[in-house]
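Just so it is clear, none of the values below were taken in a lab; they were calculated from the coordinates. For clarity, every value in this text was computed on a predicted model and none was experimentally measured. Cβ coordinates were reconstructed from backbone atoms using ideal geometry, including for glycine residues, and neighbour counts include every protein chain displayed.
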Amino acid sequence: MLSTHDKAISAHQQVLTFRLAGEEYGLGILAVQEIRGWTPVTAIPHAPPWVLGVIDLRGVVVPIIDLRRRLALPPAEFGPSTVVIVLRVSTSLDDRTVGLVVDAVSDVHDIESSALRQLPDLGSHAASEMISGLAHADGKTLILLDAGRLAHSTSAPAAH
Amino acid sequence: MTLDLAQFHDTFFAESNEALDSMESALLKLSAGEVDSELINTIFRVAHSIKGGSATFGFTEVAAFTHKLETLLDELRAGKRRVDPALVDTLLRSCDLMRSMLAATQAKQSLDAAGTAALSAEIELILESPAEAPTMRVPALPASVPAASDPATSSGPPGWRIHFAPGPKLLRNGSDPLRILRELARLGAVESRVDAKWVPPLAELDPEECRLAWSIELTGDIKEAAIRAVFEWVEADCVKLEPFGSAATAIDATVMMPAPKFLEPVRPEPEPAPEPKPAPETAIASPVSASPAATMLMPALSAPAAAAAAPSATAPMAQGDHGSIRVSTEKIDELMNSVGELVITQSVLNQLAAPLEGREAHELRSALGQLERHMRELQESVMRVRMLPISSVFNRFPRLIRDLGQRLGKKLELRISGEHTELDKTVLEKIGDPLVHLIRNSIDHGIETPEVRLAGGKSAHGVIQLHAYHKGGSVVVEVGDDGGGLNRERILAKARERGLVAPEEELSDERVNNLIFQPGFSTAEVVSDVSGRGVGMDVVKRNINELGGYVQIYSTPGKGSMVRIRLPLTLAILDGQLARVGTEVYVVPIVSIVETIQVRAEQVSTIANRAQVIRLRDDYLPIVRLHELFDIEPEHTDLLDGLLMIVEADGTRVGLFLDELMSQQQVVIKSLETNFRPITGFAGATMLGDGRVALILDVPGVISRFRSHETRHDPAREAA
């Protein structure tokens, strides 16, 4: 299922791809504000487990999401290639900035809308609601994520 | 040539409301027995400028009413009528009526016609009643009045020749020459000629500049003051009056004819007039931008009623023009944010420079030190922009107390001190209503009737005391009275009746006093329209807490009670104590901190094998282990190794167990909600000098989190 956000730019969209547990993922490049190295975070008590904490991004408090944990992938040690993709998602209601920790950033791909495929029904899985679709590029399958849902998932109440 | 006057409406309403405030305070001073001509002049000026403004903008009802009021005030001003309490009362009610009329006009609602008619009739009645002998001299009217002229010397019909050369700024100031001409026509037969020779070619014409001048012949037996009144909204200098007929012989016309102001450069002393004096016409012909003196003041309040009389004219000028501008608070907030960012960047720079060595490094550090000082000054100045004296809130209380005292038959005296204490505008806006509640409560419940007071050996006048002062990083406002104090027995009885307190439970005086902050709690025997409905104290407390402040109540039976409110100076910056737990640093608002102690073993008791309390000066306080509450790894787990910070919120005190105290500093509060969500226990976050984010503790939230934490863990503990 495509979100409206991705549909609007889907005729020919550019996707930033990154690696996560051996798979290639992609995010619409328009939602990406910047890519930065990993910096220590301030932990927030009682936050959802995938929220590592917050950082100061030029005077704004930005939550940092461990994307592996968010997508229920096995945790990994943070290495030198570990980066934070800062997403900025504007909706009519608000304007949110979040950082996603990923293993490494790979490339920027042009994706034709005809190359987009819906995610087949995999039953209920923590990750599937964050995935907007699949695409094939350069002989690889890209898992496209929904930036809007990722940015807003921090505001959902924490599960105990 | 028309001008869209609507753009001035908001300014007019804002200025009128401020003017009405000053009228009210002047009236209250009058009622307090201070009769002085400057007070009456102030009141008159307010009525007059509102009349002028509303007539200009076409708010006819307001203009008509204020006109009547003005007539009455004019008699006061001229000393024809004595000030008495009944009159002041009528004037105060007129003040209210004008305020509501203006509010209704602004909201484009219909006016209260019945109320207006009633008060107008009352004023007319007063006007018709015989005026008493003059009781004071007011130096407002010019010494030379045309009425003093001898009619025997008249030749032909009396009248006035008026030269009106208003200057280019007239229209921008909101005056309309057509309106002025219309008003003149009401005084007598008008014959006017327009002098249009200074109107520039169309290509250079600025439609907002008035380049016309008029010569007007006004026939009729008219007082000069009446004509001056019409021109009041215009600079006195651009009007030249010259009597002819009967009036001509009486006055030396040049007295009224100062040289046009816009020709002369600004000088402290008027230069000897050049010969011959330039006529107003030449004045207009000179380039408009010739001198800064061409700038005319907004007529508003600074235009005194009798511009001709110098002494009374200069004082209001100085009063009305504070050289202030109106700026939207958003702009100031943006400025605040930017400065906050600068402060953070500054401390990052300091940390970067700290490890450097060598001569250049030393110079860099001293330059950075200078930068830091300037930065702090900048931050303070920007903060001060948002700060206003609390007098703007206190000023409405004399009226409240007067009215309530009359209604409840109590004799009251208001004592205000520290009204110059400044605090943040946002805080100021929200503190008004809680204070009104507290004062009403004091008057209604606190102060006794004069008979009771006299019987109790007190003076018949109850005293309400308002006191504001700075203490540490906060502002303290106290509302006290010398009434009966809180009735402990009645409060306790009421609380038991409502099930707030168990029947056999014994409470300390402090806890009993704090019961009145419970929702729906009122011990007033009769629900009056003043108080007693049980809404109030809990709302007061909630409002203050929302501002980051605290309320405490003190009471001595028979002697009175006092409510003390502690407020933060500003909502954007907070004085914080940095405290470390494990590797995490938290900011605790200094207002919440009572003290920090090292625990001695004999002070601690462990209850039910887990919960711990500390005995501190006859009180038992629960110990909150922050590392457990926040689920982090501490350095110390033994109470004797770490520190216990006693914090207080809502009258509850707890001890926060932490590892180490760090520096105290002012921190800029950043919201967690913008990109995340609010978290109970935290008021926000801030950036530390090293670029890290530190969370700011919200003490009431921490306490409530602690309580729910305890109950949640109970079953688990039993199972273990």
With a ≥ b ≥ c the root eigenvalues of the C-alpha gyration tensor of region B:425-503, is it rounded (a/c under 1.5), prolate (a/b larger than b/c) or oblate? oblate
Could you tell me which of rounded, prolate or oblate describes region B:157-231, using a ≥ b ≥ c as the square roots of the eigenvalues of the alpha-carbon gyration tensor, with rounded for a/c under 1.5 and, failing that, prolate when a/b is larger than b/c and oblate otherwise? prolate
Classified through the alpha carbon gyration tensor (a ≥ b ≥ c as square roots of its eigenvalues; rounded if a/c is under 1.5, else prolate when a/b is larger than b/c, else oblate), region B:357-473 comes out prolate
The residues B:LYS108, A:LYS140, B:LYS425, B:LYS169, sorted from fewest to most surrounding Cβ atoms within 10 Å, come out as B:LYS108, A:LYS140, B:LYS425, B:LYS169
Once the in-chain neighbours fewer than 8 apart are removed, the aspartates and glutamates whose Cα is under 19 Å from B:LYS169 read B:ASP4, B:ASP195, B:GLU204, B:ASP206, B:GLU208, B:GLU209, B:GLU232, B:GLU235, B:ASP237, B:GLU264, B:GLU281, B:ASP321
Averaged across the residues of A:36-47, what count of C-beta atoms belonging to other chains lies within 10 Å of each residue's C-beta? 5
Can you list the HN-Hα couplings for region A:23-31, worked out from phi with the Karplus curve (6.51, -1.76, 1.60; θ = phi - 60°), rounded to whole Hz and with x for Gly and Pro? 9, 9, 10, x, 9, x, 5, 5, 8
Once the dipole of region B:561-649 is set up from charges on Cβ (+1 Lys and Arg, -1 Asp and Glu), the residue from the list B:THR637, B:VAL587, B:SER561 lying farthest towards its positive end is B:SER561
Local electrostatic count, B:ARG365, Cβ distance below 15 Å [Lys/Arg +1, Asp/Glu -1]: -2
Sorting B:VAL393, B:VAL563 on the 10 Å Cβ count, fewest up front, what's the list? B:VAL393, B:VAL563
Cβ neighbours within 10 Å from other chains - mean over B:664-673: 2
Local electrostatic count, A:ARG88, Cβ distance below 12 Å [Lys/Arg +1, Asp/Glu -1]: -2
Excluding residues fewer than 8 places away in the same chain, name every one of the lysines whose C-alpha is closer than 17 Å to that of B:LYS51. B:LYS68
Pairwise label distance in nanometres, B:ALA608 with B:ALA361, each label 7 Å out on the Cα-Cβ vector: 5.7 nm
Net charge contributed by nearby residues that have their C-beta within less than 15 Å of B:ALA114 (K/R +1, D/E -1): -3
Note down the relative contact order for chain A as a percent, whole number, built from C-alpha pairs under 8 angstrom at least six residues apart. 29 percent
Per-residue mean of other chain beta-carbon atoms within 10 angstrom of the beta-carbon, peptide A:53-59? 6
Ranked from fewest to most other Cβ atoms within 10 Å of their own Cβ, B:ARG625, A:ARG70 fall in the order B:ARG625, A:ARG70
